[in-house]
1. Could you tell me how far the Cα centroid of segment 276-302 sits from the Cα centroid of segment 1-67, in Å?
2. Which three semi-axes in whole Å describe the equivalent ellipsoid of segment 105-170, each the square root of 5 times a Cα gyration tensor eigenvalue, listed largest first?
3. What percent of all Cα-Cα pairs in segment 195-304 falls into each 5 Å bin, going from 0 up to the bin containing the maximum distance?
4. How far, in nm, would the chain grow between residue 437 and residue 227 when pulled straight, counting 0.36 nm per residue and subtracting the alpha carbon separation?
5. Tell me which label goes with the value of semi-axes √(5λ) of the Cα gyration tensor in Å computed from the coordinates here: [x] 44, 24, 20; [y] 33, 30, 22; [z] 38, 33, 24.
6. What is the angle, in °, between the Cα long axis of helix 106-118 and the longest principal axis of the Cα atoms in the chain? Nearest 10 is fine, range 0 to 90.
7. Taking only DSSP H segments of four or more residues, each worth -39500 (n - 2.57), what value at 222 nm results for the chain once the sum is divided by all its residues, to the nearest 500 deg cm²/dmol?
8. Give me the distance in nm between label points sitting 7 Å out from Cα along the Cα-to-Cβ direction at residue 42 and residue 400, one decimal.
């Protein structure tokens with residue numbers, strides 16, 4: 001267990017934004033001996049944190065948060081404190097995309113201005129939110145300089161995986177891209193209190209680029225896997241077999257399995273990278289193609305499923321088509337309830353475009369019934385309930401419960417003809433004993449629909 005040096009000038013920290021990034025960081029820093037003042041605009045989130053409960057699901061977080069709140073090492077408020085003991089501000093506010101797919105920096109600007117009002121000579125500011133390249137220097141620096149104070153500024157990207165954030169904060173290398181060597185040394189000491197490895201890079205722009213490149217490289221890899229799925233489906237072979245057996249024991253191929261690509265990072269970071277290069281006269285071609293491939297997957301599959309439903313149209317009076325979607329969070333492993341950037345949203349929209357009269361059900365081991373209902377779904381309490389009377393069951397995310405479900409038994413509960421569509425290739429079709437007149441189909445085993453049938 002690492003701990004902050006008692007002689008450190010930065011034992012009192014203000015973390016601005018207590019979402020997934022800020023709250024997990026607050027807990028790990030508090031455990032290392034920092035006193036953390038958290039600022040969060042949402043009063044409901046603040047009330048939950050004060051009671052020792054996180055407002056989102058992260059394994060182990062509630063217990064560890066409760067201990068630090070009870071010990072007084074984490075305090076939360078809706079207002080940024082004016083505490084002279086605070087010498088370090090860490091900004092973890094959201095930077096979502098707007099309706100035109102461009103990153104919103106309004107929260108970063110607002111917070112930078114508020115920090116400037118409280119800044120003392122010798123304070124330090126860390127930007128941890130994902131931003132386009134140059135934001136630390138062009139947006140945050142001028143706001144802080146307006147205070148007339150001397151300060152250190154760095155960009156230190158968040159790099160954790162939801163579901164493993166507490167572990168990774170204490171084990172992954174932390175990147176420090178400071179404006180000065182002195183600031184780099186200072187903030188390296190801060191992060192060395194929670195993790196053994198800190199990597200100093202030349203400047204904030206390098207650190208900003210690292211964050212965007214890391215996530216975009218994963219996006220590119222998944223896009224190629226999804227293109228492999230389209231190619232295999234077109235020629236009539238299984239993408240799962242091509243990928244699994246092609247890399248088995250072969251060290252120079254590591255293609256992931258195809259599937260939905262979403263979440264608060266992968267759904268936006270490639271867009272931010274593209275936007276960052278506009279002023280430099282460069283269009284990142286592979287990055288741009290990657291997003292198109294991954295974003296159209298839901299509309300292509302929805303069109304294919306709708307065509308199968310229409311081919312097997314129920315007789316008059318048979319009732320509404322029931323479609324159950326399993327796994328609504330943007331991923332299932334590690335387990336999370338995060339719906340931000342989840343591909344389930346465009347999937348539902350595309351299905352409703354083709355099949356507006358259908359009843360849509362949801363089942364997720366973590367996402368609450370209220371959150372499911374907000375998506376327009378009828379929340380099912382169990383897997384058997386989700387399958388009961390459904391014409392179509394879609395395995396949307398890769399939660400472990402779906403890989404181990406007794407599909408042969410569950411398919412017997414479905415309406416006939418029934419279709420189970422699996423984005424994650426959890427089952428070997430040749431080893432399944434599906435109920436009569438029910439069918440299992442996985443991504444990468446069927447041709448995608450012609451472009452004109454895909455409604456976007």
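FYI, it's all coordinate maths here, none of it is from the lab. From a predicted model like this one, the values you see are computed outputs, not experimental measurements. Cβ sites come from the backbone with ideal geometry, for glycine too, and all protein chains shown count toward neighbours.
1. 35
2. Working: eigenvalues 124, 37, 19 Å².
Value: 25, 14, 10 Å, ordered largest first.
3. Binned Cα distances yield the sequence 2, 11, 18, 18, 16, 14, 11, 6, 3, 1.
4. Numbers: separation 210, 0.36 × 210 = 75.60 nm, distance 3.01 nm.
So the chain would gain 72.6 nm between residue 437 and residue 227.
5. Derived directly from the coordinates: [x].
6. So the inclination is approximately 20 degrees.
7. Values: 16 runs with 172 residues, N = 456.
Here the helix-only value at 222 nm equals -11500 deg cm²/dmol.
8. Reported label-point gap for residue 42 and residue 400 is 2.7 nm.
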